[in-house]
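Worksheet: one structure, shown below.
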Amino acid sequence: MDLSSPRVMGILNVTPDSFSDGGSYLQTDLAFAQANKLIEEGADILDVGGESTRPNAQPVSLQEEVDRVIPVIESLVSKVNIPISIDTYKPAVMRAAIAAGASIVNDVKALQEAGAIEAVAGAEVGVCLMHMQGGPQNMQDDPHYDDVVKNVVTFLLERAAICEQEGIQKNRLLIDPGFGFGKTRAHNITLIQQLNTLVMTGYPVLVGLSRKSVLGEMTGNDIDARLYASVSAAVVSAINGAKILRVHDVKATVEALKVVAAILPKDDSVIGANNSLVVK
């Protein structure tokens, strides 16, 4: 996958309780219709998730998650020609999704679950490693860092090094600072401002700020009224070097990025070696 220009990852939540669109696409036919809409709007990747990781979300059983996501992935893989990502931290779901045709594993726990690295190492899929302090049930209970940027970068580099030692090549790895996952408003803003620190690690950076609570705190808007804030955050992230933008509002984001690309000169100085990603 060419990452010389930022790519847009459309979010497809097959869940009843995700913070923004929970319950909207639980049925396979509804999920497929939404996936087609996102593709028509310009999505480069579809990220399918079957378990919410919003603050205070309750875990779901392995079987329930598999039952939610695998039929959707199988349907998509047979009919669309863009990579499908599976948003999960469970190794068994990773294996089932890869077998169904998923090209990327997007893991909020950075492959820390027992068996997760083994589930993806030999599969030649792309892998996104995300930083999270705590878990969904407690991550927003007074998160603290000595230096949020340094702590996040250190963690992600350590996880990437372990993955590479276990046979996951560097050109298959993405990193995600995990906006809203165990971070205060100040932490999130600092990470956006200093995103180039993550970019300079040489790994492509994925940013997921779409409709997040930090944008609501900035604007005073509820979840369903954060379109402009989300697009603004995506544009700033792209200008600061993000290579993949995980969003709900694909069309608005794609058009905003086209304007940025047309107006701003391309700056190769911060791209380094992270201008491509190997996916299955």
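A simple rule links phi to the HN-Hα coupling: the Karplus curve 6.51 cos²θ - 1.76 cosθ + 1.60 with θ = phi - 60°, which for segment 147-162 gives 8, 4, 5, 4, 5, 5, 4, 4, 4, 5, 5, 5, 5, 4, 4, 5 Hz, with x for Gly and Pro.
Our estimate of slack between LYS280 and VAL236, defined as 0.36 nm per intervening residue step minus the Cα-Cα distance, is 12.9 nm.
Here the Karplus curve 6.51 cos²θ - 1.76 cosθ + 1.60, taken at θ = phi - 60°, turns the phi angles of segment 121-128 into couplings of 4, x, 9, 6, 8, x, 9, 9 Hz, with x standing for Gly and Pro.
Sorting LYS170, LYS183 from the fewest to the most surrounding beta carbons within 10 angstrom yields LYS170, LYS183.
Taking Lys and Arg as +1 and Asp and Glu as -1, the other residues whose beta-carbon sits under 14 Å from that of ARG159 total -3. The trypsin sites (Lys or Arg not before Pro) of segment 55-112 that DSSP puts in a loop, and whose beta carbon has at most 12 other beta carbons within 10 Å, are LYS79. Under 5 Å between amide hydrogens, built in the peptide plane, is the criterion, and for ARG7 it picks out ILE244, LEU245 among residues at least 5 positions away or on other chains. Under a 5 Å amide H cut-off, with hydrogens placed 1.01 Å from N, LEU129 pairs with LEU174, ILE175, ASP176 among residues at least 5 apart or on other chains.
Throw me the Rg/Rh for the chain, computed over C-alpha atoms with Kirkwood Rh, two decimals. In the chain, Rg relative to Rh is 0.92.
Under the convention that each Lys and Arg Cβ holds +1 and each Asp and Glu Cβ holds -1, the size of the dipole of the chain around its Cα centre is about 480 debye. Since only ILE98, GLY134, SER232 are under comparison, the one whose Cα sits farthest along the positive direction of the charge dipole of the chain, derived from C-beta charges on Lys, Arg, Asp and Glu, is SER232.
Take every Cα pair under 8 Å whose residues are at least 6 apart in sequence, average their separation, divide by the length of segment 7-270, and the relative contact order is 17 percent.
We did not get these values from a lab; they are worked out from the coordinates using the rules stated. Nothing here was measured: the structure is a model prediction, and the numbers come from that model. All Cβ positions, glycine included, derive from the backbone under ideal geometry; neighbour counts span all protein chains shown.
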